[in-house]
Amino acid sequence: MSPVLAGVLQLIALTAALALAYRPLGDYMAAVYSSPKHLRAEKVIYRCIGANADAQMRWPAYLRGVLAFSAVGVLLLYLLQRLQGGMPLSLGFASISPDQAFNTAASFVANTNWQSYSGEQAMGHAVQTAGLAVQNFVSAATGMAVAIALVRGFTRSRTGDLGNFWADLVRGTVRVLVPIAVIGAVVLVACGAIQNFSGIHEVGQFMGGSQQTNGGAVASQEVIKELGTNGGGYFNANSAHPFENPGAFTNLFEVFLILVIPFAMTRTFGKLVGNVKQGYAVLATMGVIWLGFTALMLWTEFAHGGPALQAAGAAMEGKETRFGVGGSSIFSVATTLTSTGAVDSFHSSFTAFGGGIQLLGMMLGEIAPGGVGSGLYGMLVMAIIAVFIAGLMVGRTPEYLGKKIGTREIKLAACYILITPTLVLGFTAASMVLPDALGSMLNTKALGAGSHGFSEVLYAFTSGANNNGSAFGGLNANTPWYNTTIGLAMLLGRFLPMVFVLALAGSLAEQKPIPETAGTLRTEKPLFAGLLVGTILIITGLTYFPALALGPLAEGLS
């Protein structure tokens, strides 16, 4: 079987699996977030944290819950790393330095999982399981809760109530993430991923000599790392490591885990607003972008120039032979179009245009399908922008799902889409004029021109501010400058957009629904899905094209 055919068949199998899971999972999540009942285990959690899960919250109270919970998470994870040296199951590793501990704490709480350290050489079992794995669950559940709050903004009338953050957080964790993660972990263990608390072992090598390796509760962390679109690996090689990702089947299974909740949440959205066709329109938009980017990536990696690469049959540098170009390309697009950041190959080794596709995928705002929760609320904000543009073209007051999009709503949506580009381009520009920051671009001299080095820096801040977490490679990010600035980009890129999303949800929830008329834009139709795709691509292109022209485009055309 040719590598191209193998890649196409993998894509078809993945699409079929996602289609089979779409309706049952989407309906289940809609039932979870709309149920008036609490499970016994959930009631115990509410008593422990002192929360009244039945109290309705307006958007300021909901936001305070999100920020307070996340702030406590950053503090606890920071302290856990700083105290690692004296903790059991530390494997003898020293405590993490202050700047790196802050970066890692901010990263995992912000659902980014940017790692400026080698997991198997820095983090013991205690930090990995009690700290990082726990945040993989709750940071994902936080994003899902905010998305559900925005959906409720469209369904509530003149109340301003958005539900209860603590109930949404606990339900997302207990009823959605944990059950799927348990099943997924069993599948990974059955396929060869490890799950233990062993210490460090000396292992012989085929060519002589030896190396040290350690075990860990890898399968359980791997599954939530993908399912919660987190991305932080137990090992430095991430999902290219055989302990995390043993073979071709697990590679495709992990891509399925990455995509299944973000896609299914469009069904949840349709059920909650009482019109599943609205969910299908959002799904179609996400699907078109995802399939288009995947096809482009496969083309750039298979149809590359250069006799050496053609003789090899593909651009195999930095890719695992277990997965091939097809599997690596599909995985790469899935992680950069979501906020996952996991890698099964070296992104810096992709062709120049392939690296540009990875960058552009993150620059879209992680909405196709995006992270768990964040993908849906990001796409709904873009839908509001698209409705506003359509209203300008026909001279009609824009409305979406029966709610008017007035001055307040469009200002909040505009602020949402401006935050991330400001962080990415601002921090990248600052890094390009500071000598210490420039010294971290390790590949610049080797490649002659500085376009690849610029791409490394641009990728780092794009990944951080969009809460992706993957790295382009070749950039020494473990410095005080990058640990601090990328940490700030991750926190601001995660929580500032949530402020505007929740404020937007509150504004919508205070409105009275508007009945449809003959002039109402039918947002469940293919025409609107096409308008939404165009809006996303145009806004991103106008914002980031100059930066892309200086980086991957310049390198690819040179």
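Values computed for the structure shown
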| read-out | value |
| --- | --- |
| Any hit, segment 97-120, residues being without any contact (Cβ under 8 Å) to a residue 24 or more places away in the chain and assigned to a loop (DSSP other than H, G, I, E, B) | yes |
| Hits in segment 499-517 (condition: under 17 Å from V387 (Cβ atoms), in a loop (DSSP other than H, G, I, E, B) and either of a type outside the set (S, T, N, Q) or under 19 Å from the mean Cα position of the chain (by Cα) (or both)) | P513, I514, P515, E516 |
| Test: residue in segment 500-512 that is open to solvent by 50 Å² or more (accessible area, probe 1.4 Å) and aliphatic (A, V, I, L, M) | no |
| Any hit, segment 351-370, residues being among the aromatic types (F, W, Y) and open to solvent by less than 10 Å² (accessible area, probe 1.4 Å) | no |
| Flag if N196 is surrounded by 22 or more Cβ atoms within 10 Å (Cβ to Cβ) and not basic (K, R) | no |
| Yes/no for A110 being in contact with a Pro (Cβ under 8 Å, 6 or more places away or on another chain), open to solvent by less than 30 Å² (accessible area, probe 1.4 Å) and not aromatic (F, W, Y) | no |
| Residue count for segment 144-180, restricted to those that are assigned to a loop (DSSP other than H, G, I, E, B) and either farther than 11 Å from Y33 by Cβ or among the charged types (D, E, K, R) (or both) | 6 |
| Residue within segment 399-406 that is farther than 29 Å from L63 by Cβ and either touching a strand residue (DSSP E or B) at 6+ places or on another chain (Cβ under 7 Å) or open to solvent by less than 10 Å² (accessible area, probe 1.4 Å) (or both) present | no |
| Residue within segment 19-32 that is closer than 30 Å to A303 by Cα and at pLDDT 95 or above present | yes |
| Residues being more than 18 Å from the chain's Cα centre (by Cα) and either surrounded by fewer than 24 Cβ atoms within 10 Å (Cβ to Cβ) or in contact (Cβ under 8 Å) with a residue 40 or more places away in the chain (or both) - total across segment 473-498 | 12 |
| Tally of residues being open to solvent by 10 Å² or more (accessible area, probe 1.4 Å) and either without any contact (Cβ under 8 Å) to a residue 24 or more places away in the chain or of a type outside the set (V, I, T) (or both) across segment 137-161 | 7 |
| Residue in segment 211-225 that is among the hydroxyl-bearing types (S, T, Y) and within 21 Å of H347 (Cβ to Cβ) present | no |
| Residues of segment 316-350 satisfying the condition of being of a type outside the set (S, T, N, Q), open to solvent by less than 10 Å² (accessible area, probe 1.4 Å) and closer than 17 Å to V8 by Cα | V325, G326, G327, I330, F331, V333, A334 |
| Residue that is surrounded by the most Cβ atoms within 10 Å (Cβ to Cβ) [pool: residues in segment 251-270 that are in contact with a Gly (Cβ under 7 Å, 6 or more places away or on another chain) and of a type outside the set (A, V, I, L, M)] | P262 |
| Flag for G469 being free of Cβ contacts under 8 Å to residues at least 24 places away in the same chain, over 30 Å from T407 (Cα atoms) and surrounded by 21 or more Cβ atoms within 10 Å (Cβ to Cβ) | no |
| Some residue of segment 367-384 being modelled with pLDDT under 90 and either in a loop (DSSP other than H, G, I, E, B) or within 27 Å of F137 (Cα to Cα) (or both) | no |
| Residue in segment 289-303 that is within 21 Å of Q10 (Cα to Cα), under 19 Å from the mean Cα position of the chain (by Cα), modelled with pLDDT of 95 or more and surrounded by fewer than 20 Cβ atoms within 10 Å (Cβ to Cβ) present | yes |
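The values are calculated or read from the model by the stated rules, or taken from the named source; none is laboratory data. All values derive from a computational prediction rather than experimental measurement. Methodologically, a virtual Cβ is constructed for each residue, glycine included, from the backbone with ideal geometry; neighbour enumeration extends over all protein chains shown. Just the protein is used for accessible areas: all its heavy atoms, side chains included, with ligands, DNA and RNA removed. Shrake-Rupley method; radii C 1.70, N 1.55, O 1.52, S 1.80 Å.
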